[in-house]
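Structure first, then comments.
Every number here is computed from the coordinates shown, using simple stated rules; none is lab data. None of these values were measured; they are calculated from a predicted model. Quick reminder, even Gly has a Cβ in these numbers, built from the backbone with ideal geometry, and neighbours come from all protein chains shown.
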Amino acid sequence: MMSELLYPKRYSFSYAITILIVGALFIQTCSHSQNVTSESKDGIEQSSVLSNIDTINKSKQKQLPPKDVIDNGTIDVDSLLNTLSLEEKIGQLFFIRAYGYFKSDDDARYQQLIRQIQNYHIGGLIFFNGDIYGQTILTNKLQRYSEIPLWITQDMEYGAAMRVDGATRFPPAMAVSATQNPKYAYWAGKITAREAKALGVNQIFAPVLDVNNNPDNPVINVRSYSGDPDTVAKYGNHFIKGVQSEGIISTAKHFPGHGDTDTDSHLSLPVITSDFARLDSVELLPFRSAVGNGINSIMSAHIAFPNVSTQQDLPATMDSTVLNRILMDSLQFNGMVVTDGLEMKGISSHFSPGEAVMKALNAGVDMMLLSPDELTAINEIKMAVHSGKLKESRIDQSVRKLLRWKKQHGLFQQRKIDINSLSSKINTRDHELISDEISRKSLTLLKNKNDILPIRASEFPKITVISVSDDKSGSAGSGLVSQIKNHHPDVTSHVLDKRTGKAEMDKMLKDAKETDLLIIGSFIYVRSAKKVQLSKEHLSFLKKLYQDTPSVLVAFGNPYVVQDLADTDVQLMAWSANSAQVNSAVPALFGGSAIDGRLPIAIPGMYPMNHGISMPQTTLRTDVPEVAELSRDSLQKVKSIMNDAIFDSTFPGGVVTVVKDGVVAYQEGFGYQTYKKLEPIKENAIYDLASLTKVTATTPAIMKLVDTGVISLNDKVGTYIPEFKKGQKKRVTIRNLLLHNSGLPAFRVYIDSLKSESRIIEAVKNEPLIYTPGSKYEYSDLGFILLGKIVEQITGMPLNKYVQKKLYYPLGMNDTFFNPKRKNHWVNKRIPPTEIDTTYRMKTIKGEAHDERAYYLGGVAGHAGLFSTASNLAIYCQMLLNQGSYAGKQYLTPETVKTFTRRQSPQLNRGYGFDRKSNDFSTAGSLTSDKTFGHTGFTGTSYWIDPERKLAIIILTNRTYPHRSYGKNISKVRARVADAVVSSIIE
């Protein structure tokens, strides 16, 4: 049974040749009656092989191939061609459809493939959808059934992921050219080819060199690089060079040009009435350029050109005028010509299977893809040869080309794919990084009325998202909505597609009236046989939705949809609905990445080619470390440091966040809320910041007041606090309080006898100085308690409300507040306890200020009491790195940020409020720059900002749990984490 399954009943000597070539069998033939011996490297039984060789000899009484067929392990193509029967040669012309998914041995489709390979002697496969291992395993299995190695082909216009799940996906061609950087086309081609090679694919059908000069084209659209032929040529050539650099065959399509059609050739035969002069100056230009740059293969188009050809009713695939005279004679192309799918209605509705192939052969085509009936076609071709209608030499010409390719690519020596190498070659980290970068760079902003972008929650508190699709799935835009929710706290969403009913549409209208901003995600894109733009019903409805509401249109597909929704306030081209494009587009809407793309096409009546509005990155986005030039592997040391600290009981848990170059490049939660290890720490854990309050609430409040001219650093504290109007106290200024050199002591207990806010504040105001103001440095909580009260006196509102209004809310720091215990249950669940207090409050402190003085001051104080997440602090740190701006809004002037964060004197290495990295041991580590500033908090919190490296390192822990005597190693942990982060920077 094994021999019958593995090998056909009727053999040719081409199989014997292949056996000799691959070294699978060593055959010694003496005569028809002599015994034959062999061995199989594939482990096939020797007796089965002997039986098969007997069958070969009985079925064909031919001599063994001449010795020069095999030369030093290689094959002589002409000699091999001479051993093939007419039927075998005809079979080599055909390429059949295969799906790269797992198939059992008795699967009907799998068995059909085997029969086609064995009975029709086909030249190769064209793989459609599949997955990495499914396709490669199937390829290996099918190669064993083919006497001559199969040539494997596949569509890969936007990467191997176009057909293979799990491979790297690139944006469509038009998105690549929108980047204005042809090197991206090269890398897209190179990576696509690299993954194709790993999958065992020898030839990819890409790039599309059609010029997209017809907005109504139902087939090409974003598959084309541009509406400009020179741009198509430039990007196409770079893609081709990238493919060929990996030794893979690139196929340019669809010759002589499919861009100016309004008919789908999958359904009928398009006709282009342009004359040759127009064809020559536009459509042919990219192909001429590709031929000049060494393209190996070109795919023909199923389109008729009556004003160019003498054969007016024939598609180019069958038109010798187009292929012989124009492509081969005029453009001097001598490579392989491939048909588009012969099953497409533009061909199959007009010609029988054999007739289509014969006409294509006579026109100059070499490879026949997807015949609707290979058996009929083969029989018709055989009859044509026998009757003299078709010359066998014409078939030989094409088969010879294919055999040479198979030889050049080493298929006669090795046709098996190394399955074990796939994981190191497909969808690697580097491949993903390049794909994501192209996605970001391709975003093209066409309109930004009233500067709606970047979107700020403070200006648009409520957002409604409408995902528009032309199908019935109801799933369009799920990724879009999920991403937007990561950037905005109040998002409502709906899907508008063919299944949407009146009740749901009424709900959309209601939500649209109540929302502050409407975001329309258009998932209308080019699909064969389907209309590419909005239906009249949906168009009318959408216009009702945004007629009185600011609106944002994001086109995840067909760019011409902006013509239907021309009066939307913002129009962003995202080009494709794949997850990478969505993940790039949403942060850009909120300022998380720069937008610099340019239109590679013209939008008739609206925008010329190369139109685009640039918008800089102004907010953070979360991305992989490598985007910020950090080594993911090196950052693993941070994990080890934090886990070691947890095991040593420095703290029960914590969060580390690293911001670099505007990217949250690393963020991870470690350990648990307590040593009971019942509640794991997540990245959104809310910690008591302790003294980080000084530089996250009080200091920026003072900075804001200085910016607006309300106060001056030289203002006397006595101006606001009468107790500072006499004695040495009258010399104390706002500057002294910020620099901790006011003469006030570090702290006083107070609460052992004073437990009301008014009495504690009165005590602080009357606290005697312990040294002359300005003469020395004494870090003082008391000075910042007074600063908090000064802010309240000047602004007329409590410190917490002032910073909430001026900073936290507009910045989107929604998890930064005082007194979180007053918040809802879900907030409190995210807060680890800070201490089991056995001295004053006699309870576990959780969700209320750990600092006793702050607690008795109502939970709001200038020195302590603030709670936040690492993500919120990342926003604040980035605002400081941005010199006071965030999301396109200036919160603090650059000069004020520089003034407050720089060293204030040779004797005192501090900024105003902010601490700075010391020359000796520093919790900022030894590798951060001398300009690094930040602060630490008693509960185990800290952040350090290195402006030279555009870097911020945030550590939040509850090292005071269960008691403040714990966590004595926190300083070393902070320093080690900082050094690990800086060491991970890729120079």
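The H on the amide N of Y886, modeled in the peptide plane, is under 5 Å from the matching H of Y891, each at least 5 residues off or on a different chain.
Of all DSSP beta bridges located in the chain, what percent are antiparallel, nearest 5? Working shown, then result.
Values: 51 of 103 bridges.
That works out to approximately 50 percent antiparallel.
Distance between the modelled labels on S85 and E629, one decimal in nanometres: 6.6 nm (7 Å Cα→Cβ projection). Comparing I347, Q413, M368 along the charge dipole axis of segment 341-438, the residue lying farthest to the positive side is Q413, per the Cβ-charge model.
In terms of packing, defined here as the mean over residues of other Cβ atoms within 10 angstrom, the peptides 278-288, 541-551 line up highest first as 278-288, 541-551. Quick one: net charge of A978's neighbours, Cβ under 10 Å, K/R +1, D/E -1? Its environment carries a net charge of +1.
Fewest Cβ neighbours within 10 Å first, please rank Y101, Y687 accordingly.
Details: Y101 17, Y687 29.
So the residues, fewest neighbours to most, are Y101, Y687.
Give me the dipole magnitude in Debye, nearest 20, for segment 443-617 about the Cα centre, with unit charges on the beta carbon: positive for Lys and Arg, negative for Asp and Glu.
Numbers: 19 positive and 17 negative charges, 95 e Å.
Dipole about the Cα centre, nearest 20: 460 debye.
Taking 37 °C and 0.692 mPa s as the conditions, I'd like the Stokes-Einstein D for segment 887-987 in µm²/s, using the Kirkwood hydrodynamic radius from alpha carbon pairs. Taking Rh from Cα pairs, D becomes 225 µm²/s. Computed about its Cα centre, the charge dipole of segment 843-980 is approximately 180 debye, with only Lys, Arg, Asp and Glu carrying charge at their Cβ.
Between the amide H of I520 and those of I466, V552, L553, V554, distances stay under 5 Å, these residues lying 5 or more places away or on another chain, with hydrogens modeled in the peptide plane.
If I take R0 = 22 Å and measure r between the Cβ atoms of K730 and T708 in this structure, what FRET efficiency does the formula 1/(1 + (r/R0)^6) give, to the nearest 0.05? Intermediate results must be reported in sequence, preceding the final value.
Working: r = 26 Å, r/R0 = 1.16.
Calculated value: 0.30.
For I326, what is the net charge nearby, where nearby means another residue's Cβ is under 15 Å from its Cβ and Lys, Arg count +1, Asp, Glu -1? Intermediate values should be presented prior to the final figure.
On the way: positive: R278, R288, R325; negative: D275, D280, E283, D319, D329.
The answer is -2.
In this structure the amide hydrogen of F818, modeled in the peptide plane, comes within under 5 Å of the amide hydrogens of F867, none closer than 5 places in sequence on its chain.
By average Cβ neighbour count within 10 Å, what is the ranking of 137-146, 693-702 from highest down?
Details: 137-146: 18.4, 693-702: 27.2.
Descending mean neighbour count gives 693-702, 137-146.
Which of rounded, prolate, oblate describes segment 107-168, given a ≥ b ≥ c as roots of the alpha-carbon gyration tensor eigenvalues and a/c under 1.5 marking rounded, otherwise prolate only if a/b is larger than b/c? Prolate shape, in that a/c is at least 1.5 and a/b is the bigger ratio. Coupling constants for segment 279-289 follow from the phi torsions by the Karplus curve (6.51 cos²θ - 1.76 cosθ + 1.60, θ = phi - 60°), and in residue order they are 4, 5, 7, 10, 4, 6, 4, x, 5, 4, 5 Hz; glycine and proline get x. Take the alpha-carbon centre of segment 949-971, take the same for segment 546-588, and report the distance between them in whole Å. For segment 949-971 versus segment 546-588, the Cα centre distance is 44 Å. If you take the Cα centroid of segment 633-681 and the Cα centroid of segment 852-922, the two points sit 23 Å apart. Only one residue of I240, I466, S780 has its Cα farthest out toward the positive end of the dipole of the chain, where Lys and Arg carry +1 and Asp and Glu -1 on Cβ, and that residue is S780.
In order along segment 508-522, the Karplus-derived 3J(HN,Hα) couplings, from 6.51 cos²θ - 1.76 cosθ + 1.60 at θ = phi - 60°, round to 4, 4, 5, 5, 5, 5, 9, 8, 9, 8, 10, 10, 9, x, 8 Hz, and Gly and Pro are given as x.
Could you tell me the relative contact order of segment 895-987? Use alpha-carbon pairs under 8 Å, at least six residues apart, and round to a whole percent.
Numbers: 139 pairs, mean separation 21.0, N = 93.
Reported relative contact order: 23 percent.
How far apart, in nm, are two points set 7 Å out from the Cα along the Cα-to-Cβ line at N814 and at T549? Simple spin-label model gives 1.7 nm for this pair. Taking a ≥ b ≥ c as the square roots of the eigenvalues of the Cα gyration tensor, segment 734-845 is classed as oblate, since a/c reaches at least 1.5 and a/b does not exceed b/c. When the Cα positions of S522, F670, G592 are compared along the charge dipole of the chain, F670 comes out farthest toward the positive end, with charges on each C-beta of Lys, Arg, Asp and Glu.
Positive contributions from Lys and Arg (+1) and negative ones from Asp and Glu (-1), summed over other residues with Cβ under 10 Å from the Cβ of T928, come out at -1. Put in order of Cβ neighbour count within 10 Å, fewest first, the listed residues W575, W405 become W405, W575. Judged by the ratio a/c of the largest to the smallest principal axis of the C-alpha gyration tensor, segment 443-617 counts as rounded, that ratio being less than 1.5. A straight chain from T273 to H963 at 0.36 nm per residue would run longer than the Cα-Cα distance by 239.9 nm. Here the 3J(HN,Hα) profile of segment 103-109, calculated from phi with Karplus coefficients 6.51, -1.76 and 1.60 at θ = phi - 60°, is 9, 5, 5, 9, 5, 4, 5 Hz, Gly and Pro shown as x. If R0 is 56 Å, the Cβ-Cβ spacing of T772 and K950 corresponds to a FRET efficiency of close to 0.90. Can you give the % of DSSP beta bridges in segment 443-617 that are antiparallel, to the nearest 5? Of all bridge pairs located within segment 443-617, approximately 25 percent are antiparallel.
Suppose a student asked you for the relative contact order of the chain, using Cα pairs under 8 Å spaced at least 6 residues apart; what percent would you report? List each step's numbers first, then the result.
Values: 2137 pairs, mean separation 86.2, N = 987.
Reported as a whole number, the value is 9 percent.
Please express the shape of the chain as an equivalent ellipsoid: the semi-axes are the square roots of 5 times the eigenvalues of the C-alpha gyration tensor, given largest first in whole angstrom.
On the way: eigenvalues 987, 216, 102 Å².
They are 70, 33, 23 Å, listed from largest to smallest.
Summarising the label geometry, the points placed 7 Å from Cα in the beta-carbon direction at Y675 and T74 lie 7.3 nm from one another. Where the centroid of each part is defined by its Cα atoms, how far is segment 798-824 from segment 210-284 in Å? Measuring centre to centre over Cα atoms gives 56 Å.
On full extension, the segment bounded by L539 and Q793 gains 85.9 nm, given 0.36 nm per residue less the C-alpha separation. Cross-link pairs exceeding 31 Å between alpha carbons, from the set K197/K234; K103/K183; K823/K889; K660/K805; K801/K889; K729/K972: K103/K183; K729/K972. Exposure proxy shown here: for V308, V706, V222, the number of other Cβ atoms within 10 Å sets the order, fewest to most, as V706, V308, V222.
Place a +1 charge on the Cβ of each Lys and Arg in the chain and a -1 charge on the Cβ of each Asp and Glu, then give the dipole magnitude about the Cα centre in debye, rounded to the nearest 20. Mind showing how you got there, number by number?
Values: 114 positive and 100 negative charges, 719 e Å.
Taking the Cα centre of the chain as origin, the dipole is about 3460 debye.
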